[in-house]
Structure formats: structure tokens, C-alpha cells
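Rule-based calculations on the coordinates, nothing more; no lab input. Predicted, not measured: the structure shown is a model, and the values here were computed from it. Neighbour counts are summed over all protein chains in view; Cβ atoms, including those assigned to glycine, are modelled from backbone coordinates with ideal geometry.
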């Protein structure tokens, strides 16, 4: 079965189903599967990213060429 046929089959199952518990479980599953990568980062990683964004906003940045020279 191709992906479009699978989607249609799932949609049909959902539309024909009146079991609220089943639909809630399905909804919860979908929400878990679509989690934002940010939520999977550690607090330390999130803080480092926020710090980097703040530094960029303050104009503290290094050109790509300059960065490459430093790491070479």
C-alpha cells in the first residue's frame, strides 16, 4: 500500500470511529510523535543556544572565514 492509500485508510478509520477514548489516544500519540526538537534538548543545551542568539542580536559575531581560520 502506498503512502497516500495508507493516509486515506487511516482517515476513513478515524472518521468512522465514535470511540472518544480511542480518538484521544490517537491524538496523544500524534502529539508525542510531532514533538519539537527543542523539548528533547537538555537545559544546558537550551541555555547555550539562547546565549548564542543573544550574542548575535548584540552584534557579537564572527565571519565564517574567520571561524574557519580559527579551527584550521
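Whether a residue is surrounded by 11 or more Cβ atoms within 10 Å (Cβ to Cβ) and outside any loop (DSSP other than H, G, I, E, B) was assessed, and residue 15 does not pass this test. If you go through the range 32-47 and keep only what is in contact with a helix residue (DSSP H, G or I) (Cβ under 8 Å, 6 or more places away or on another chain) and exposed (fewer than 10 other Cβ atoms within 10 Å of the Cβ), you end up with just 38.
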